[in-house]
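To start, the structure under review is shown below, and the notes come after it.
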Amino acid sequence: MKPIKVGLLGIGTVGGGTFDVLKRNQEEIRRRAGRGIEIVMVADLNTARATELTHGQCEVVDDANLVVNHPDIDIVVELIGGYGIARELVLKAIANGKHVVTANKALLAIHGTEIFRAAQDKGVMVAFEAAVAGGIPIIKALREGLSANRIEWVAGIINGTTNFILSEMRDKGLDFDTVLKE
């Protein structure tokens, strides 16, 4: 079966980690999913850094529209952040029939209703587990495992930054202001 073709929008810290994890775990993904994943294009304004991070293993472009409009890309992974250009690109990807994965909390907070409606109308998925609760896999559990329950609220550490701050304060005995600056 032919691999799922992926395009990344942004290859900063999160994008670089995503690229590495998908490349490193290709065989396991293929084994579990019955289909491989191939990153075919990465868009980043800093093409030199992007080429270095991808080790020349895929096409690197500085125009994200080339990714969202690419006819062979099945899934667009949005990792550029913010909610201006990110919204525009995600909506274009959806309009082009592509599934979208995002870790962009701001985008979903501001434009989530519009994005999810567009995805539903087009029959594609928007995966956003990485944007919630610091990447703790809670969305799937709430949607599928607890769907018969009426959950009124969830409490806990809800993002990676808070988790980092509290862990550093606890583990190193540092005060809040010191860790926040770090």
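Over segment 1-45, consider all pairs of different Cα atoms and compute the Kirkwood hydrodynamic radius from their mean reciprocal separation; express it in Å, one decimal.
Answer for segment 1-45: a Kirkwood hydrodynamic radius of 10.9 Å.
Give me a comma-separated list of calculated 3J(HN,Hα) values for segment 23-35, in order, Karplus coefficients 6.51, -1.76, 1.60 applied at θ = phi - 60°, integers in Hz, x for any Gly or Pro.
Per-residue couplings from phi come out as 5, 5, 9, 4, 5, 5, 4, 4, 5, 6, 8, x, 7 Hz.
So, in nm, how far is label residue 166 from label residue 85 when the simple model puts each one 7 Å beyond its Cα toward the Cβ?
According to this spin-label approximation, the distance is 3.5 nm.
Report, ordered by chain and residue number, the aspartates and glutamates lying within cross-link reach of residue 172, taken as a straight Cα distance under 19 Å and ignoring same-chain residues fewer than 8 apart.
182
Once the piece of chain linking residue 25 and residue 175 is laid out straight, how much longer is it, given 0.36 nm per residue of separation minus the C-alpha distance between them?
So the chain would gain 50.2 nm between residue 25 and residue 175.
Roughly speaking, to the nearest percent, how much of segment 8-104's 1.4 Å accessible area is carbon and sulfur?
Of all accessible area on segment 8-104, carbon and sulfur atoms account for 51 percent.
Can you compute 3J(HN,Hα) from phi for each residue in segment 100-109, using the Karplus curve 6.51 cos²θ - 1.76 cosθ + 1.60 with θ = phi - 60°, rounded to whole Hz and x for Gly and Pro?
Once θ is set to phi - 60°, the couplings for segment 100-109 become 10, 10, 9, 10, 8, 5, 4, 4, 6, 5 Hz.
What Kirkwood hydrodynamic radius, in Å, does segment 1-100 give when the mean of 1/r is taken over all pairs of distinct Cα atoms and then inverted?
One over the average 1/r among Cα pairs gives 13.5 Å for segment 1-100.
Fully extended, how many nm does the chain gain between residue 150 and residue 113 (0.36 nm per residue separation, minus their Cα-Cα distance)?
11.2 nm
What are the residues whose amide H is under 5 Å from the amide H of residue 4, where those residues sit 5 or more places off or on another chain and H is modelled from the backbone?
36, 37, 38
The values are calculated or read from the model by the stated rules, or taken from the named source; none is laboratory data. Since this is a predicted model, take the numbers as computed values, not measurements. Here Cβ is always computed from backbone atoms with ideal geometry, including for glycine, and neighbour counts include all displayed protein chains. Accessible surface is based on the protein model in full, side chains and every heavy atom, while ligands, DNA and RNA are left aside. Shrake-Rupley method; radii C 1.70, N 1.55, O 1.52, S 1.80 Å.
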